[in-house]
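A short write-up of the structure that comes next.
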There are 2 protein chains.
Amino acid sequence: MSSTPASAGPDELRRLAGDINRMAGLVEAQVAGALEAVARRDVARARELIEKDAAIDAMQAEIERRAVALIATRTLGDGELRRAVSALKLAMNLERCGDLARNIAKRSLVLSANEPVLALVPPVDRMGRLVLARLTEVMDAHIARDVGRAVAVWRRDEEVDDHYEALFRDILALMAQDPGAVTAAAHLLFIAKNLERIGDHATNIAEIAHYEMTGEALAGDRPKPPPDPLELARP
Amino acid sequence: MSSTPASAGPDELRRLAGDINRMAGLVEAQVAGALEAVARRDVARARELIEKDAAIDAMQAEIERRAVALIATRTLGDGELRRAVSALKLAMNLERCGDLARNIAKRSLVLSANEPVLALVPPVDRMGRLVLARLTEVMDAHIARDVGRAVAVWRRDEEVDDHYEALFRDILALMAQDPGAVTAAAHLLFIAKNLERIGDHATNIAEIAHYEMTGEALAGDRPKPPPDPLELARP
């Protein structure tokens, strides 16, 4: 590598890491806000969150552009190359979490315009807080470069699935019992599904962070394949 | 660029493009198969499709690895760099389509184990064929390097949304009328949502192909923001 220009890699990697962390902070705030918009039927808050999502999309595009430019300089060592690719992939996963938070905020508008489905909102909120805690924990592990913590998040992905499966059953039971609640219940079902997908992104982020830190893929002994409450839905 | 080693770029880019196209062919077959598994209540077919998804995941990981390695050689010109980044992103979008097809196949198992919801399967099938046609068309446009065709796919994304919105209404109406059909209807609802998401990936692929071919982002005048049938769900 001595024939290549002096590396701008370390500085730009540090800036990229900083921007990923700002983006993660914004995404966590969007998820938390969306949960509050659902729980409090807060229409103004929901509208504000929906508008803010564009800023997250712009951050993702900018991080992607800079990560590709940095990779293309070919001045990076192996570990630095992994960090640059990781920035690219973390930004994509965070952007998807932002989209899912926006979708939850949109659905909260429909819930706020319908009769309340009071009994089901608290378990959705609990599932949301669990998912948000996973996202925060895995980003903390990434900042701390703590492989063990990232793996711990990855191993605990069935907690979210258990919540989702219980909610799926309860929401379907409500639909069968109360035809007037079907619309609100369908949107709650999609909110729960969106939260489960944010949880999956936290799991992806754990895998990306692990690969970045160790150069090894985290796979094979994942607790179970991507969750699906299908067995429970059988009559 | 004369001081860098002789470029292996064009050959490897050609190989990557070939592998992307093989991957796309497999994904299209998985989506088509999943639609048949739903329409024909074909349990054996569904199980086969679910197993095959691992091959698509492996192709994505391999294409990603090679695209990053190619980008890191820094021997690529601007257009070549765009093609390498495009390969990376196309593979990610195709892999997600494969996951969604697997999820549809899994849900078809639940539908096959439940009472048939006959009236709603044909419109889901029609929506699925429309989505599959979009995916095929945009990959054809990419192979032909035909910017106009890619843009045409991108502009027509509301066709899928219209189908999805009509289905969403009809499925909710069925749930309200027939409590015994709630479980099957909920899985059909998620199948429709998965098809809509495959349609969104076709739109993403059109954007990626456009950027690859022109160096310009396709944005701003997209027919409308990401679809959501929320207005229709209001009582």
Inset, instruction - Could you run through region B:138-155 and say how many residues are without any contact (Cβ under 8 Å) to a residue 60 or more places away in the chain and out of contact with any Ser or Thr (no Cβ under 8 Å at 6 or more places or on another chain)? - result: 6
Inset, instruction - Determine the pairs where a residue that is over 30 Å from B:GLU196 (Cβ atoms), located within region B:69-94, has a partner that is open to solvent by 10 Å² or more (accessible area, probe 1.4 Å) and of a type in the set (Asp, Glu) with Cβ atoms under 7 Å apart, the partner being 6 or more residues away or on another chain. - result: B:LEU70/B:GLU12
Inset, instruction - Read through the list (1) of a type in the set (Gly, Ala, Ser); (2) over 19 Å from the mean Cα position of the chain (by Cα); (3) farther than 22 Å from B:ARG47 by Cα, then give the number of the only condition that B:ALA113 fails. - result: (3)
Legend entry - Residues being more than 8 Å from chain B (Cβ to nearest Cβ) and open to solvent by 40 Å² or more (accessible area, probe 1.4 Å) - total across region A:175-190: 1
Inset, instruction - May I ask you to verify whether B:ILE20 is within 28 Å of A:ARG74 (Cα to Cα) and among the β-branched types (Val, Ile, Thr)? - result: yes
Inset, instruction - Hey, can you tell me all the residues within region A:58-116 that are among the basic types (Lys, Arg) and facing another protein chain (nearest Cβ under 8 Å)? - result: A:ARG74, A:LYS106, A:ARG107
Inset, instruction - Kindly list the number of the only condition in (1) surrounded by fewer than 24 Cβ atoms within 10 Å (Cβ to Cβ); (2) under 21 Å from the mean Cα position of the chain (by Cα); (3) under 22 Å from A:GLU207 (Cα atoms); (4) not β-branched (Val, Ile, Thr) that fails for A:HIS142. - result: (1)
Inset, instruction - Check region A:37-45 and report whether any residue there is open to solvent by 20 Å² or more (accessible area, probe 1.4 Å), of a type in the set (Val, Ile, Thr), farther than 22 Å from B:GLN60 by Cβ and part of a helix (DSSP H, G or I). - result: yes
Legend entry - Lone unmet requirement of (1) closer than 28 Å to A:ALA184 by Cβ; (2) without any contact (Cβ under 8 Å) to a residue 24 or more places away in the chain; (3) more than 17 Å from the chain's Cα centre (by Cα) for A:ALA29: (3)
Inset, instruction - Output the residues belonging to region B:46-57 that are open to solvent by less than 50 Å² (accessible area, probe 1.4 Å) and within 13 Å of B:ASN103 (Cα to Cα). - result: B:ALA46, B:LEU49, B:ILE50, B:ASP53
Legend entry - region A:145-162: number of residues that are crowded, with 17+ Cβ neighbours inside 10 Å and over 12 Å from A:ILE198 (Cβ atoms): 8
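Matching residues to (1) open to solvent by less than 60 Å² (accessible area, probe 1.4 Å); (2) under 14 Å from A:TYR211 (Cβ atoms):
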position	(1), (2)
A:ALA87	yes, yes
A:ASN93	yes, yes
A:SER108	yes, no
A:SER112	yes, no
A:GLU115	no, no
A:PRO123	yes, no
A:VAL131	yes, no
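The values are calculated or read from the model by the stated rules, or taken from the named source; none is laboratory data. Everything quoted here is computed from the prediction, not taken from an experiment. Neighbour counts run over all protein chains shown; Cβ positions are idealised from the backbone, glycine included. What goes into the accessible areas is simple: the full protein's heavy atoms, side chains included, and nothing from ligands, DNA or RNA. Shrake-Rupley method; radii C 1.70, N 1.55, O 1.52, S 1.80 Å.
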